[in-house]
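Structure record follows, encoded as structure tokens.
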Amino acid sequence: MINKFVDSVADALADTPDGATVLIGGFGTAGIPDELIEGLLLQGAKNLTLVNNNAGNGEHGLAALLKAGRVRKIICSFPRQVDSYVFDSLYRSGQVELELVPQGNLAERIRAAGAGIGGFFAATGYGTDLAKNPDGTLKETREINGRMYVYETPIHGDLALIRAERGDRWGNLTFRKAARNFGPIMAMAARKTVATVFEKAELGEMDPETVITPGIFVQAVVHVERVATQAGGIKA
């Protein structure tokens, strides 16, 4: 009998290797899998490449992983905000690498990995430093219908950490409003996906028409308690 529910976050993340590329859902404070990020911090994997919308804020979540010296590289679209001082300090001192990707390109590069697409051409970034590879070489460009485009490659993950609203033991997931954001495409783009859910559904309770992420893309599900938060996502 297929049962993808695991007893704890620690069990779900126990096999995460050093050097893994980890796709982490969340947009601002919506849909951040806090319990899984904390679990990754406790698990101990290092030299990680993190893929997220931003580079963390304050000293919790992604910033806690950065502060602990566990991150080698960040791939994101919005690395700096008012309280991103942990990332700022590490980046300026050369202790963490940044690959800046326009947000639409970031989403499409992740989606392309999940869809089996080898690459695509996007107009965003042409003529700027964003049209360079991380090593400084120029990306391939092509003129299409009179407009210049830049070749972008997929972003594959070894692990995806996402927050869902409801799930069953087969791993089928639904999301709540804006908390959905990058979750579905990250689940498709990773070799292993771990999701937290606030509600456990019995088989057959979830209308197939409402399932956003089918269980085939999910390897482990952890049930967590819903915690009230204050503005800014700080736990009460």
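The values are calculated or read from the model by the stated rules, or taken from the named source; none is laboratory data. Keep in mind it's a predicted model, so treat the numbers as computed, not measured. Note that we place each Cβ from the backbone using ideal geometry, even for glycine, and neighbour counts take in every protein chain shown. Just so you know, the surface numbers come from the protein's heavy atoms only, side chains and all, with ligands and any DNA or RNA stripped out. Shrake-Rupley method; radii C 1.70, N 1.55, O 1.52, S 1.80 Å.
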Practice task
Would you point out which residue out of Lys192, Lys200 is modelled with pLDDT of 95 or more, within 21 Å of Ser8 (Cβ to Cβ) and open to solvent by less than 70 Å² (accessible area, probe 1.4 Å)?
Solution key: Lys192
Handout entry: Which listed residue is open to solvent by less than 70 Å² (accessible area, probe 1.4 Å) and either of a type in the set (Ser, Thr, Tyr) or under 19 Å from Lys73 (Cβ atoms) (or both), from Ile155, Ile117
Key = Ile155
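Taking the criterion of being over 17 Å from the mean Cα position of the chain (by Cα) and within 30 Å of Met1 (Cα to Cα), would at least one residue in the stretch 110-122 satisfy it? Break it down into steps so the answer makes sense when it comes.
Step one: of the stretch 110-122, the residues over 17 Å from the mean Cα position of the chain (by Cα) are 116-122.
The next check asks that each one be within 30 Å of Met1 (Cα to Cα); those that pass are 116.
Yes - at least one qualifying residue is present in the stretch 110-122.
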Exercise for the section: Kindly establish whether Met206 is of a type in the set (A, V, I, L, M, F, W, C) and farther than 27 Å from Cys76 by Cα. Expected result: yes
Problem - the stretch 76-114, residues that are part of a helix (DSSP H, G or I), in contact with an Asp or Glu (Cβ under 9 Å, 6 or more places away or on another chain) and open to solvent by less than 30 Å² (accessible area, probe 1.4 Å) - result: Val86, Asn105, Arg109, Ala112
Completion exercise
Gly56 meets each of (1) out of contact with any Lys or Arg (no Cβ under 6 Å at 6 or more places or on another chain); (2) closer than 15 Å to Leu98 by Cα; (3) open to solvent by 10 Å² or more (accessible area, probe 1.4 Å) with one exception, condition (3)
Practice task
Tally the residues that are at pLDDT below 95 and in a loop (DSSP other than H, G, I, E, B), restricting the search to the stretch 14-38.
Solution key: 5
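Step by step: first the residues of the stretch 59-75, then only those that are of a type in the set (D, E, K, R) and in a loop (DSSP other than H, G, I, E, B), then the one that is surrounded by the most Cβ atoms within 10 Å (Cβ to Cβ). Which residue is that?
Residue satisfying both the conditions and the ranking: Arg70.
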